[in-house]
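Novice: Questions regarding the structure given below will be posed in turn.
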Amino acid sequence: MHSSPARLLALVAAVATLVLVAAMSGSEVRAYVVTAIDYHFHDAHPTLPIGPGRDLIVRNQGRNVHNVTIPALGFSRDVRPGGEVVIHSIGDRLEPGRYELFCRIHLATFGMKGVIVISPE
């Protein structure tokens, strides 16, 4: 059986679309998102297990400046409302285990903290 050029072109377009969708969804899967809002880290009590090759994104969806501190990484950065902090490949930078995450600005007053769980896979 021979395929017509139009049918072959449609098949190629469909495959290209599937590859593009898979590539785009793969980038979403790589990141684990924690939201800082109103003196709370949402999805960090604790996080779901974060494996190798995955990024951690902390987005500030609150009204105040927050801070992201992860002592095990020696990492501390402020994040303004509407902003985000990205820690690339956090699963490769830490051994499997549980790690403290906190906002140094609001830890003492509001107890703003969480736990990051790093998995071996």
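The values are calculated or read from the model by the stated rules, or taken from the named source; none is laboratory data. Since the model is a prediction, treat every value here as computed from it, not as a measurement. Glycine also receives a Cβ, built like all others from the backbone with ideal geometry; neighbour counts cover every protein chain displayed. The accessibility values were calculated without ligands, DNA or RNA, using every heavy atom of the protein model including side chains. Shrake-Rupley method; radii C 1.70, N 1.55, O 1.52, S 1.80 Å.
Novice: Could the peptides 52-61, 38-47 be put in order, highest first, of the mean number of other beta-carbon atoms found within 10 Å of their residues?
Specialist: Put in order of decreasing packing, that is 52-61, 38-47.
Novice: So for Glu95, Glu121, what's the accessible-area order with a 1.4 Å probe, most first?
Specialist: Values: Glu95 130, Glu121 175 Å².
Result, largest first: Glu121, Glu95.
Novice: Right, next: Before anything else, pin down the relative contact order of the range 78-121: Cα pairs under 8 Å, at least 6 apart, normalised by residue count, whole percent. Could the numbers behind the result be given before it?
Specialist: Details: 37 pairs, mean separation 17.0, N = 44.
That works out to 39 percent.
Novice: In addition: Mean separation of Cα pairs under 8 Å and 6+ residues apart, divided by the residue count of the range 26-82: what relative contact order is that in percent? Each step should come with its number before you reach the end.
Specialist: On the way: 83 pairs, mean separation 17.9, N = 57.
Averaging sequence separation for qualifying contacts and normalising by length gives 31 percent for the range 26-82.
Novice: With a 1.4 Å probe and every protein chain kept in, tell me what percent of the accessible surface of the range 81-121 is carbon plus sulfur. Can you show the working numbers first?
Specialist: Values: 1200 of 2390 Å².
The computed percentage sits at 50.
Novice: Normalising by the residue count of the range 33-121, find the relative contact order in percent from Cα pairs under 8 Å and 6+ residues apart.
Specialist: On the way: 217 pairs, mean separation 31.3, N = 89.
Here the relative contact order equals 35 percent.
Novice: What does the charge count around Val115 come to, taking other residues whose C-beta lies under 12 Å from its C-beta (Lys +1, Arg +1, Asp -1, Glu -1)? Walk me through the numbers before you get to the answer.
Specialist: Values: positive: Arg98, Lys113; negative: Asp43, Glu100.
Net charge in that neighbourhood comes out at 0.
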